[in-house]
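S.K.: First the structure, which I've put down as structure tokens, then a few questions once you've had a look.
The values are calculated or read from the model by the stated rules, or taken from the named source; none is laboratory data. None of the values given here were measured: they were computed from a predicted structure. Glycine also receives a Cβ, built like all others from the backbone with ideal geometry; neighbour counts cover every protein chain displayed. We work out accessible area using only protein heavy atoms, side chains counted, and drop any ligands, DNA or RNA first. Shrake-Rupley method; radii C 1.70, N 1.55, O 1.52, S 1.80 Å.
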Amino acid sequence: MENKIWNATELYAYLDGELLPVQEKALKAELEINQSLQEQLAQQRQTVELLQTLPLRETPRNYLLTPEMVRVAAPRPKLRRRRFTLWSLRLATTFSALLFVVALGLQFTPLTAIPQPLAQAPAMMEQEVTAEMEEAVVMEKMVEVEKVVEVVASPEPRELPAAEVAAEEAPVMDSALLPTATAAAKNGIGGEEEFAAPLTLGAGEAATAELELCSLTEGDAECGSVSEPQPETPPATAGAEGSASWQNEEEGPPSQRSFSPWWLVGTLGLVTLGFASATWWSARRN
Amino acid sequence: MAASTKTSFNEEQLVQAAQRGQLPAFNELLLHYQKQVYNLAYYIMNDPAAADDATQEAFISAYHALAKFRGGSFRAWLLRIVRNACYDELRRYKRHPSISWEDFGELDKEANPHLRAKVESPEESLQRDELCALLERTLARLPAEQQMTLFLVDRLGLAYDEVGATMEVPLGTVKSRLYRARGKMREYLMETQELLPPRYRQKGSR
């Protein structure tokens with residue numbers, strides 16, 4: 001211990017009474033013989049004394065606790081509960097804000113960004129339904145035209161058998177749509193000869209009825225001749241056409257629809273706003 | 001070190017009694033440490049009213065948390081509660097702690113019994129004020145951790161382990177911070193040694 005070099009930290013510790021008794025004893029022995037160490041210690045002591053010159057501030061009052069004060073201060077869990085509420089609200093605000101942002105982002109994302117089969121599924125369904133409805137309307141119109149033809153034909157003095165009439169009308173109507181009538185005609189109930197006899201159907205009315213029928217079908221250009229029957233597209237063919245049409249739409253402009261509806265975005269925005277207000281209010285209370 | 005060795009009352013017994021719920025025992029402890037607690041709060045808050053509130057809050061918190069006290073230095077435990085309470089308050093008000101001992105001199109002249117007992121001449125009083133101002137300016141140049149360490153050791157007279165417990169740092173850190181703080185203080189004071197009282201003027205540095 002005789003050769004030990006005392007550093008400033010140890011000297012300060014000695015001044016503060018923080019050295020171990022053994023170390024303290026050794027330092028005291030060293031100080032008796034070491035002049036420079038004495039000077040160093042004197043300087044350090046001066047600094048410490050100078051720092052201890054400043055007096056402590058007196059307390060403005062006594063802080064003695066009374067039973068009431070202790071009782072009043074007891075409900076600390078309330079504060080804890082309030083903090084918990086605040087943090088819960090903060091979490092809820094963050095979560096709903098995130099949802100809002102995601103919903104808003106989806107709102108502005110075109111469906112082209114989404115895989116095609118998934119994106120066009122609703123459009124496909126809609127087109128199929130539309131095709132079916134159109135078909136039903138055409139059928140209805142055709143039945144009406146049939147009735148008109150019957151009414152127009154009825155004032156004629158010559159009475160035609162029902163099968164003959166059916167055979168007469170068959171070329172005008174779609175054979176596929178009126179299978180029973182066509183079948184009856186072909187079974188010889190009417191026959192070619194009878195059919196060849198001029199029907200005294202008013203040429204004007206017949207043409208009008210046919211035109212009306214033609215206008216309902218798509219191929220207007222093909223409706224030039226009355227005698228040529230227009231084969232109606234069977235349901236399977238219509239389905240194929242439908243699919244072709246929506247496939248063509250793929251090449252057209254992208255649909256403007258999106259995944260998140262506006263009402264959802266709006267609701268999320270309102271919920272976020274509500275949570276944010278509640279958080280602000282709760283933070284102010286705390 | 002004076003404050004720590006001065007404890008003539010039986011702290012351990014008082015703490016045990018307070019833990020059993022005896023408020024008078026706690027109040028006795030409170031009276032013994034309130035000055036140090038208030039000074040630490042004042043040092044951190046730098047505002048008399050805030051320090052007053054923080055001190056009262058800290059004592060109430062300490063009373064409720066007494067069951068958690070597991071021995072060791074009661075003073076360090078108490079000061080840690082005050083320190084944390086003050087920092088909580090500061091965080092709330094978004095204020096920054098800074099050392100300001102300007103008001104110490106002003107108040108102490110009237111309130112400090114030690115100063116009142118000693119009859120000072122106007123010249124001595126002026127010198128004291130000047131010294132206080134100089135020390136305050138010099139202390140403000142130190143980093144916050146060093147200021148706090150210096151305050152706890154030299155102003156409140158805490159032992160190193162108590163400082164470690166209060167600031168929640170190891171003993172070695174306390175020693176190194178104290179060494180650096182005192183060294184810098186001496187350095188800074190030597191730059192303006194003509195302002196120091198004659199007995200503190202030195203020829204050399206540390």
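S.K.: Can you give the accessible area of A:ASP16 in Å² (nearest 10), computed on protein heavy atoms with a 1.4 Å probe?
M.R.: Number for this one is 10 Å².
S.K.: Report the extension gain between B:ALA49 and B:LYS68 in nm, rounded to one decimal, defined as 0.36 nm multiplied by the number of residues separating them, less their alpha carbon distance.
M.R.: On the way: separation 19, 0.36 × 19 = 6.84 nm, distance 2.87 nm.
Stretched fully, the B:ALA49-B:LYS68 segment lengthens by 4.0 nm.
S.K.: How far apart, in nm, are the 7 Å Cα→Cβ label points at A:GLU140 and A:GLN38?
M.R.: With each label point 7 Å from Cα toward Cβ, the separation is 12.5 nm.
S.K.: Compare the peptides A:136-147, B:31-42 by average per-residue count of other Cβ atoms within 10 angstrom and give them in order, highest first. Walk me through the intermediate numbers first.
M.R.: Values: A:136-147: 14.4, B:31-42: 22.7.
The packing order, highest mean first, is B:31-42, A:136-147.
S.K.: May I pose another question? How much length, in nm to one decimal, is gained on full extension between A:VAL70 and A:SER88, taken as 0.36 nm per residue of separation minus their Cα-Cα distance?
M.R.: Working: separation 18, 0.36 × 18 = 6.48 nm, distance 2.95 nm.
Separation in residues times 0.36 nm, less the Cα-Cα distance, equals 3.5 nm.
S.K.: Related question: Under a plain spin-label model, where a point goes 7 Å from the Cα along Cα-to-Cβ, how far apart in nm are B:VAL169 and B:LEU195?
M.R.: According to this spin-label approximation, the distance is 2.6 nm.
S.K.: How much solvent-accessible surface does B:GLU11 expose, in Å² to the nearest 10, with a 1.4 Å probe and all protein chains in place?
M.R.: 40 Å²
S.K.: At 0.36 nm per residue, minus the direct Cα-Cα distance, what do A:ARG80 and A:ASN7 gain on full extension? Give it in nm, one decimal, please.
M.R.: Working: separation 73, 0.36 × 73 = 26.28 nm, distance 4.95 nm.
This chain segment gains 21.3 nm when fully extended.
S.K.: Once amide H atoms are built 1.01 Å from N in the peptide plane, which residues 5 or more positions from A:SER260, or in another chain, come under 5 Å H to H?
M.R.: A:GLN107
S.K.: Oh, and also: Taking each residue of A:61-70 in turn, how many C-beta atoms of other protein chains fall within 10 Å of its C-beta, and what is the average? Numbers along the way, then the final one.
M.R.: Numbers: counts 5, 4, 14, 9, 10, 2, 1, 0, 5, 7.
For peptide A:61-70, the averaged partner shielding equals 6.
S.K.: What figure in square angstrom, to the nearest 10, would you give for the accessible area of B:VAL15 with a 1.4 Å probe?
M.R.: Taking all protein chains as shown, B:VAL15 has close to 10 Å².
S.K.: For an R0 of 60 angstrom, estimate the FRET efficiency from the Cβ-Cβ distance between B:LYS35 and A:PHE95 and round to the nearest 0.05.
M.R.: Working: r = 50 Å, r/R0 = 0.83.
Computed FRET efficiency for B:LYS35 and A:PHE95: 0.75.
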